[in-house]
Amino acid sequence: MSRTLSIVAAALALGLAAGAVQAATPPSATAQLVNAAGAPVGSATLTEGPSGVLIELDATGLTPGWHGLHLHETGLCAADGFKSAGAHMGHMTGVSHGLLNPAGAEAGDLPNLYSADGTAHAQVYTERVTLDPAKAGPGRLLIKGGSVIIHAARDDQSTQPIGGAGARVACGVLKVN
C-alpha cells in the first residue's frame with residue numbers, strides 16, 4: 001500500500017512540475033512572411049524576454065543591401081503594397097519615427113536588416129513592445145496582433161514618416177500564441 005502511495009505521489013509531483021514548466025513558457029508570436037505576389041519568403045518569431053521582445057527573422061527574395069524593418073499596427077497583408085498593414089505600432093502624437101530621433105522612437109521602429117545575397121537572418125531585441133499584458137504600460141506597447149514589414153530600402157532612423165525605407169516588400173501577419 002505504501003509503495004502504491006509513493007508511486008502516486010511521484011506521479012503527482014511530476015505532473016505538477018510539468019505544469020510549472022509549461023506555465024513558465026514565455027509568451028510568443030509568429031508571422032509567415034509573403035512577398036507582393038503572395039509567395040512565402042520567410043518567417044518571424046517573437047519571444048517575450050525579461051524586459052522586451054526578441055525577434056528572430058529569416059527572409060529570402062530580398063535585393064542585396066539594407067532594408068527597413070518595422071512592426072505595423074494592423075494584421076493584414078493585402079495585395080495593396082501591404083498598405084493594409086497600417087502605420088507603425090505606437091504611431092501617435094508626441095512620438096516620432098526613428099531610433100535616432102530625439103523625440104523618441106515609435107514602438108514599431110526596429111534596426112535595419114541586411115542581405116548580402118537576397119537572404120537575411122537576424123535577431124533583433126526591442127524594449128518598446130511586449131507580448132505579456134502584465135508588462136504593458138507607458139513605454140511598452142502590448143502586441144495583440146499586427147504585422148512585420150520589410151521595406152525595399154534602408155531606414156535612416158530619423159526622417160519622417162518611415163526614414164526613406166521605401167516600398168513594403170514583405171509582410172507577415174503576427175499570430176500571438
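Hey, does the range 38-58 have a residue that's part of a loop (DSSP other than H, G, I, E, B), touching a His at 6+ places or on another chain (Cβ under 8 Å) and crowded, with 16+ Cβ neighbours inside 10 Å?
Within the range 38-58, not a single residue is part of a loop (DSSP other than H, G, I, E, B), touching a His at 6+ places or on another chain (Cβ under 8 Å) and crowded, with 16+ Cβ neighbours inside 10 Å.
Within the range 66-88, track down each residue that is surrounded by fewer than 21 Cβ atoms within 10 Å (Cβ to Cβ) and touching a Pro at 6+ places or on another chain (Cβ under 9 Å).
Across the range 66-88, the qualifying residue is only Ala87.
For the structure I just gave you, tell me whether Ala153 is over 27 Å from Pro26 (Cβ atoms), aliphatic (A, V, I, L, M) and either modelled with pLDDT under 95 or buried (at least 18 other Cβ atoms within 10 Å of the Cβ) (or both).
yes
Could you tell me whether any residue of the range 92-102 is over 21 Å from Asp156 (Cα atoms) and small (Gly, Ala, Ser)?
The answer is no; no qualifying residue exists.
If you check every pair at least six apart or on different chains, which have Cβ atoms under 7 Å apart with a residue in the range 118-134 that is closer than 13 Å to Leu46 by Cβ first and a residue that is among the basic types (Lys, Arg) second?
Arg128/Arg140; Val129/Arg140; Thr130/Arg140
Among the listed residues Gly68, Gly61, Gly146, identify the single one that is closer than 17 Å to Leu33 by Cα, more than 15 Å from the chain's Cα centre (by Cα) and at pLDDT 95 or above.
It is Gly61.
Kindly provide the set of residues from the range 114-150 that are in contact with a strand residue (DSSP E or B) (Cβ under 8 Å, 6 or more places away or on another chain), more than 24 Å from Pro27 (Cα to Cα) and not aromatic (Phe, Trp, Tyr), ordered by number.
Once the filter is applied, which keeps residues that are in contact with a strand residue (DSSP E or B) (Cβ under 8 Å, 6 or more places away or on another chain), more than 24 Å from Pro27 (Cα to Cα) and not aromatic (Phe, Trp, Tyr), the range 114-150 yields Ser115, Thr119, Ala120.
In the range 86-112, which residues are closer than 16 Å to Ile55 by Cβ and over 13 Å from the mean Cα position of the chain (by Cα)?
Scanning the range 86-112 gives Gly90, Leu99, Ala105, Glu106, Asn112.
Mind checking whether some residue in the range 8-18 is at pLDDT 95 or above and more than 22 Å from Gly163 (Cβ to Cβ)?
No: the range 8-18 contains no residue that is at pLDDT 95 or above and more than 22 Å from Gly163 (Cβ to Cβ).
The values are calculated or read from the model by the stated rules, or taken from the named source; none is laboratory data. Keep in mind that this is a model prediction, so the values were computed, not measured. Neighbour counts are summed over all protein chains in view; Cβ atoms, including those assigned to glycine, are modelled from backbone coordinates with ideal geometry.
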